[in-house]
1. Which numbered condition trips up THR184, out of (1) over 20 Å from the mean Cα position of the chain (by Cα); (2) surrounded by fewer than 24 Cβ atoms within 10 Å (Cβ to Cβ); (3) in the same structural domain as GLN204 (by TED's automatic domain parsing)?
2. Looking only at region 144-163, count every residue that is in contact with a strand residue (DSSP E or B) (Cβ under 6 Å, 6 or more places away or on another chain) and either within 21 Å of VAL356 (Cα to Cα) or not aliphatic (A, V, I, L, M) (or both) and tell me the total.
3. Determine whether VAL279 is away from ligand 2 (no atom under 16 Å from the Cβ) and either under 25 Å from HIS99 (Cα atoms) or surrounded by fewer than 18 Cβ atoms within 10 Å (Cβ to Cβ) (or both).
4. Condition check: within 16 Å of ligand 3 (Cβ to nearest atom), part of a loop (DSSP other than H, G, I, E, B) and farther than 23 Å from SER176 by Cα. Does SER74 satisfy that?
5. Which one of the conditions (1) in contact with a Lys or Arg (Cβ under 9 Å, 6 or more places away or on another chain); (2) among the polar types (S, T, N, Q); (3) surrounded by fewer than 21 Cβ atoms within 10 Å (Cβ to Cβ); (4) closer than 25 Å to ILE320 by Cα does THR118 fail to meet, given that it meets all the rest?
6. Being more than 16 Å from ligand 1 (Cβ to nearest atom) and touching a strand residue (DSSP E or B) at 6+ places or on another chain (Cβ under 9 Å) is the requirement here; does GLY78 meet it?
7. Quick one: would you say GLY98 is assigned to a loop (DSSP other than H, G, I, E, B), among the small types (Gly, Ala, Ser) and either within 15 Å of ligand 1 (Cβ to nearest atom) or under 29 Å from ALA261 (Cβ atoms) (or both)?
8. For region 46-79, how many residues are under 21 Å from GLY359 (Cβ atoms) and surrounded by 21 or more Cβ atoms within 10 Å (Cβ to Cβ)?
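The values are calculated or read from the model by the stated rules, or taken from the named source; none is laboratory data. What you see is a predicted model; the values in this text were computed from it and never measured. Note that each Cβ is placed from the backbone with ideal geometry, even for glycine, and that neighbours are counted across all protein chains shown.
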Amino acid sequence: MKAAVLYEYGQPLVVEEVELDPPKAGEVHVRVAAAGVCRSDLHVMKGEAPQPLPIVLGHEASAVVLDVGEGVTSVKPGDRIITPFVSSCGRCTSCLTGHANLCDAHSATAGAMFDGTTRLHKGEQRIHHMSKVTCFAQEAIVPDKSCVILPDDVPMPQAALIGCCVTTGVGAATESVQVRPGSTVAVIGCGGVGVNVLQGARLQNAGKIIAVDINEGALEFAMRFGATHTVNPTQQDPVQRVKEITNGLGVDYAFEVFGSAETVTNAFNMVRKGGTAVVVGLAPADELAGVDTVALVRQEKTLKGSYYGGARPAVDMPSIIEMYRSGKINIDDLITRQYKLDDINEAYADLERGVVGRGVITEF
Ligand SMILES: NC(=O)c1ccc[n+]([C@@H]2O[C@H](COP(=O)([O-])OP(=O)(O)OC[C@H]3O[C@@H](n4cnc5c(N)ncnc54)[C@H](O)[C@@H]3O)[C@@H](O)[C@H]2O)c1
Ligand SMILES: [Zn+2]
Ligand SMILES: [Zn+2]
């Protein structure tokens, strides 16, 4: 089958034929239907988020079940599913305490399946799995435990986005912190994930919702997803401007959704006394962000991370699907471009160039 393989950091993905072994016990063989173009894969391509190489990337997916391994009863051939980018084992401390997004067994087996082995190879060469999803390929093997079955009326590209950016963004504002009605919110970085934080803040009935982005196009786009104000850091100091908009106080919640030390520091500095800065973006692995430790104490600020929107996919994805079906969450307008797997490098060049909205691979 065809897959896009990353052999070396900083090099284009190679779209080529690779072999996929059959599913083992507890695994599912799927045909990928749609795969979102998320910045997290770009971090891996650039070496900012190291993974074992070579690897097939892609972690935002919808798929159709082709066949199942031994003992699998949760899905059957023909089922349409979302394949979450954190599979939960259901047995570790994180899973058992309601933090399926932090599953210990999942993170302990990064780049491979739960048993530590891989199903992908090219001849003798072992190829690793991104997030146990590997959707930049025609087919994939995924763990059965995490599959979320889709209702018939949810289109596959929209479903794929629920696999990462929608759940991550909405959940940051509704689960990781529960934004209070009427409160003030800033979102730094309004790409695929950031606009979903805006939607999450709107769902929580936030008051002022301030979009912060260096790209004017992204700011215009943000207004359609709940932003009430916009700030462009290339034109004005974002911390000062956010304070002006909030009567000199700063916001109750600032979400960092780009991934850099500088924007994390800005998020921390633009929250008011007692406020919370939530970091969603993944900064390069070696970057440390500066935090004013006196403000942290004297102003009782909170600095919090948010991974996968704090989601328990089995519980939260069905409710996100319902909010999409009832028009409370807009995913249709988020999809601004569709690509063939063969054009994956172009899809990532567009992401880096700042083309607004989400790209989705829909032809394999
Ligand atoms: N926490 C999680 O579970 C999780 C999940 C998915 C993605 N992520 C991370 O979230 C981040 C965003 O991902 P995405 O797919 O939305 O990316 P994206 O490329 O679609 O969006 C990033 C946005 O940030 C803007 N930006 C760039 N520099 C900026 C700056 N200095 N100030 C303000 N805005 C700036 C860009 O113009 C763009 O609109 C990435 O770091 C990604 O790895 C985290
Ligand atoms: Zn993602
Ligand atoms: Zn677990």
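1. (2)
2. The qualifying residues number 9.
3. For VAL279, the condition - away from ligand 2 (no atom under 16 Å from the Cβ) and either under 25 Å from HIS99 (Cα atoms) or surrounded by fewer than 18 Cβ atoms within 10 Å (Cβ to Cβ) (or both) - is not met.
4. Yes.
5. Answer for THR118: the failing condition is (4).
6. Values: more than 16 Å from ligand 1 (Cβ to nearest atom): yes; touching a strand residue (DSSP E or B) at 6+ places or on another chain (Cβ under 9 Å): yes.
Spelling it out, GLY78 is indeed more than 16 Å from ligand 1 (Cβ to nearest atom) and touching a strand residue (DSSP E or B) at 6+ places or on another chain (Cβ under 9 Å).
7. No, not satisfied.
8. 9
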